[in-house]
Amino acid sequence: MAISLIAVDMDGTLLNSDGRVSARNRAALKAAADAGIETVIATGRRHTYAMRVLRDLELNPSHAVVSSNGTVIRTIGAQLLHRTHMTTASALWLCDHVADFRNTLVLTFDTADHTGEDSRGALVVEHLDDLHTSIGRWMRSNEPYILHVDRLEDALTGDAPIQAMLCGTVDRMALAEARLLEHPLVTAVGSEPKPHAEITLHRTIYPERNLSIVDILPAGCSKASALQQLAALRDISTNDILAIGDNWNDLPMLRLAGSAVLMDNAPDDLKQLAHKHGWPIAPDNNHDGVAITIENALANALTTLGS
């Protein structure tokens with residue numbers, strides 16, 4: 001199978017546990033690009049937050065970054081290719097419906113300028129203490145972009161958000177997810193869509209930290225939907241995509257791609273699903289699983305060409 005595009009998740013996949021890209025992973029990305037394969041970073045991070053890491057990798061500026069779990073596609077060079085907003089009405093409904101959990105609710109707005117840099121107000125929060133407890137490092141890193149308001153509803157008088165986020169312990173977020181999924185407006189990513197759904201939920205779990213993040217996106221948005229958009233723009237088949245990921249929010253793109261690889265640091269139940277689908281398990285993110293996958297893909301391509 002020819003590979004035209006490699007979609008790589010960031011956290012837990014491309015990045016090691018220290019949040020860095022290893023020399024071998026960096027070399028593999030370059031080797032893919034040199035072979036004429038677009039390497040697309042597909043992440044739950046906002047574009048600006050992703051670029052804090054990606055800027056130093058010297059990636060091709062025309063290659064794409066799928067950010068915010070699929071609501072935004074920009075190039076490394078910050079050209080906007082596609083963006084989907086949540087409706088303001090849905091965001092207002094959400095603030096009311098998750099009243100018991102809004103102490104960790106974050107609204108995300110796409111404020112990136114022509115350089116790809118966000119401004120304060122890209123992230124809007126009502127409470128700070130519980131967010132610092134759950135995701136303190138993320139809060140500190142994103143401080144320049146966080147706007148603290150008395151009421152989240154006050155931030156919904158202008159541009160609509162691109163997504164929202166809840167975070168907390170695995171058990172607490174399971175309750176939040178269940179609360180949301182009871183409503184006909186809300187569907188879980190990968191499940192049968194509800195006829196009138198306006199919101200899609202994505203889940204990312206870090207068992208070792210007892211942390212779960214529930215990303216709340218416009219209906220139908222996922223890394224897979226963004227890759228479909230990008231495949232159409234690039235005039236390629238999704239069968240020619242290799243996807244590499246490690247968590248539940250990667251599942252849609254793993255299912256979409258012609259070739260899929262799961263990292264060994266993925267949750268056990270997701271690895272069971274990978275075995276069911278016949279997806280290979282790569283070494284974990286501290287042992288260059290991305291590089292090994294790309295190196296194997298490039299070697300297989302050369303073998304195919306030579307046969």
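Table for the structure above
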quantity: Residue check for residue 122: not charged (D, E, K, R) and not assigned by TED's automatic domain parsing to the domain that holds residue 242; calculated: yes
quantity: Lone unmet requirement of (1) surrounded by fewer than 21 Cβ atoms within 10 Å (Cβ to Cβ); (2) assigned to a loop (DSSP other than H, G, I, E, B) for residue 275; calculated: (2)
quantity: Residues within segment 237-271 that are touching an Asp or Glu at 6+ places or on another chain (Cβ under 7 Å), part of a helix (DSSP H, G or I) and over 17 Å from residue 283 (Cβ atoms), tallied; calculated: 1
quantity: Unmet criterion (only one of (1) touching a helix residue (DSSP H, G or I) at 6+ places or on another chain (Cβ under 7 Å); (2) in contact (Cβ under 8 Å) with a residue 60 or more places away in the chain) for residue 238; calculated: (2)
quantity: Residue that is nearest to residue 87 (Cα to Cα), among those in segment 210-236 that are in a loop (DSSP other than H, G, I, E, B) and touching a Ser or Thr at 6+ places or on another chain (Cβ under 8 Å); calculated: 219
quantity: Selected residue (only one of 182, 153 is under 19 Å from residue 215 (Cα atoms), in contact (Cβ under 8 Å) with a residue 24 or more places away in the chain and among the acidic types (Asp, Glu)); calculated: 153
quantity: Candidate set from segment 23-56 (those that are part of a loop (DSSP other than H, G, I, E, B) and within 20 Å of the chain's Cα centre (by Cα)); member that is surrounded by the most Cβ atoms within 10 Å (Cβ to Cβ); calculated: 43
quantity: Criterion: surrounded by 13 or more Cβ atoms within 10 Å (Cβ to Cβ) and under 21 Å from residue 206 (Cα atoms) - qualifying residue of 164, 178, 155, 112; calculated: 164
quantity: Yes/no for residue 284 being buried (at least 16 other Cβ atoms within 10 Å of the Cβ), among the charged types (D, E, K, R) and not in a helix (DSSP H, G or I); calculated: yes
quantity: In segment 55-71, the residues that are of a type in the set (A, V, I, L, M, F, W, C) and in contact with a strand residue (DSSP E or B) (Cβ under 6 Å, 6 or more places away or on another chain); calculated: 64, 65, 66
quantity: Single match in 41, 37 (criterion: touching a Ser or Thr at 6+ places or on another chain (Cβ under 7 Å) and of a type in the set (A, V, I, L, M, F, W, C)); calculated: 37
quantity: One residue from 300, 285, 249 being in contact with a His (Cβ under 7 Å, 6 or more places away or on another chain) and in the same structural domain as residue 21 (by TED's automatic domain parsing); calculated: 249
quantity: Filter result for residue 112 (in a loop (DSSP other than H, G, I, E, B), in the same structural domain as residue 165 (by TED's automatic domain parsing) and either under 23 Å from residue 256 (Cα atoms) or within 19 Å of the chain's Cα centre (by Cα) (or both)); calculated: yes
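One line per residue, one yes/no per condition, for (1) closer than 24 Å to residue 66 by Cα; (2) free of Cβ contacts under 8 Å to residues at least 60 places away in the same chain:
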{"site": "146", "(1), (2)": "yes, yes"}
{"site": "160", "(1), (2)": "yes, no"}
{"site": "170", "(1), (2)": "no, yes"}
{"site": "193", "(1), (2)": "yes, yes"}
{"site": "199", "(1), (2)": "yes, no"}
{"site": "219", "(1), (2)": "yes, yes"}
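The values are calculated or read from the model by the stated rules, or taken from the named source; none is laboratory data. Bear in mind the structure is a predicted one, so any value in this text is a computation, not a measurement. For neighbour counting, all protein chains shown are included, and Cβ atoms are generated from backbone atoms with ideal geometry for every residue, glycine included.
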